[in-house]
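**Student:** Here's a structure for you.
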Amino acid sequence: MLVRLRPSWTVWLLGLAVLLQGCGGAHARKQYQLDSATNTCRHQPASCAQAAGQEAVLPTAVRTFATAGGSAVAALKILDDALKQEVTTALEECANHARTEVILERHGGTRPTPEECMEELRDIQGRTLTRAMKLGEEMHRVALRCAAEKLNKLRPGGFSLEPTYLYDQGSGKTTWLSAADVDRILRQGRMGELKGSLVPDVVLHAGHPDQVQAVYDFKFPCVDITRWPDWRRYPSGHPYAGYGQDEIYREAFNLEKVLKVVPWLGAGP
C-alpha cells in the first residue's frame, strides 16, 4: 500500500474498505477539477509551461484514505512550529524526488526545452495535452504518493491529500466535501455545484478536514527551475476572477499564509 499504517486491525480494516470504495470514482473525480491549472492549460496552452500540473492527479483511493484517517486515528490538536517545519521539509524532499524521478525516467535526465514543454501529446485516454502538462501531472502524482508516506509517519490522522472544499466568498462559508459527496454530485449530474471548488494538494488539520491548520500546493515549472513560479490567477468568468489562488486559499481557510512547494527552491508564500 502507498500509505503505511500504524499496527491496528481497526485502522487496517477501515483503510482497506476506503481503498476498495475509492477505486470506482477515480476517473469521475478528475472531471470535476474546475480549479485545476492543468484544466486551464487545455484552454490556454501559452501558459502551460509555467502553470501545468499546479493541482494534483492523485488516485481517489489514496486521497480518500488520507482524509478518512482523520476519523480513524487521534490527531494532535496543536500544530507547533517544530512539527510544521518537519512537515515542510518532508514535502520539499517529495518535490525534489518527484522532479528527479520523472525527469530521469520520462525525459532521459535532461531538462526539457521551452519548445519541448509546449509540444502537444496524446495520453492513453486520447486527451491532447502539452508535454508540460504531462510532466506536471506525473510529478504531482509522485510527490503526493511520497507525501502520503511521510505524513502518515509525522502526522497520522492529521492531514488530507487533495480534499475538496466549496467556498462562498459572499458569506465567507467554507464547506468540505468528502469523496463520496463529490461522486454523488457527479452521478446525479449536478456538476455545476462544484464550479470553483478548491482542491489544495496537502492540508494539515486537527483531526478533520474542516479544521484546517496549514495548506501546501506543489508547483512544478517545466522550464525554469531557478525562479519561483507565481500563484495561479483566476481567469475571467471564474467565480474568483481577478484573485490569486493563494488569496482565495487564505480567505477560505482563514490562514495568514499558504505555502507553495517547488523543487530545489523549497517552500514559500
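The values are calculated or read from the model by the stated rules, or taken from the named source; none is laboratory data. Computed from a predicted model, the values in this text were never measured in an experiment. With ideal geometry, Cβ positions are generated from the backbone for all residues, glycine too; neighbour counts draw on all protein chains shown.
**Student:** Quick check on this structure: which one of Ala132, Ala98, Ala147, Ala82 is buried (at least 22 other Cβ atoms within 10 Å of the Cβ), in a helix (DSSP H, G or I) and free of Cβ contacts under 8 Å to residues at least 60 places away in the same chain?
**Tutor:** Within the list Ala132, Ala98, Ala147, Ala82, the selection yields Ala147.
**Student:** Arg155: surrounded by 21 or more Cβ atoms within 10 Å (Cβ to Cβ) and modelled with pLDDT under 95, yes or no?
**Tutor:** The answer is yes for Arg155.
**Student:** Can Lys134 be described as among the basic types (Lys, Arg) and either at pLDDT 95 or above or within 25 Å of Tyr240 (Cα to Cα) (or both)?
**Tutor:** No: the conditions fail for Lys134.
**Student:** Within segment 188-222, can you find the residues that are touching a His at 6+ places or on another chain (Cβ under 8 Å) and either among the β-branched types (Val, Ile, Thr) or under 28 Å from Arg155 (Cα atoms) (or both)?
**Tutor:** Asp201, Gln211, Val212, Gln213, Phe218, Phe220
**Student:** State the number of residues belonging to segment 111-129 that are modelled with pLDDT of 80 or more and either of a type outside the set (D, E, K, R) or crowded, with 18+ Cβ neighbours inside 10 Å (or both).
**Tutor:** Residues flagged as modelled with pLDDT of 80 or more and either of a type outside the set (D, E, K, R) or crowded, with 18+ Cβ neighbours inside 10 Å (or both) within segment 111-129 amount to 8.
**Student:** Scan segment 144-151 and tell me whether some residue there is more than 12 Å from the chain's Cα centre (by Cα) and among the charged types (D, E, K, R).
**Tutor:** Checking segment 144-151: at least one residue is more than 12 Å from the chain's Cα centre (by Cα) and among the charged types (D, E, K, R).
**Student:** Looking only at segment 171-184, decide whether some residue is surrounded by 14 or more Cβ atoms within 10 Å (Cβ to Cβ) and of a type in the set (Lys, Arg).
**Tutor:** Scanning segment 171-184, I find no residue that is surrounded by 14 or more Cβ atoms within 10 Å (Cβ to Cβ) and of a type in the set (Lys, Arg), so the answer is no.
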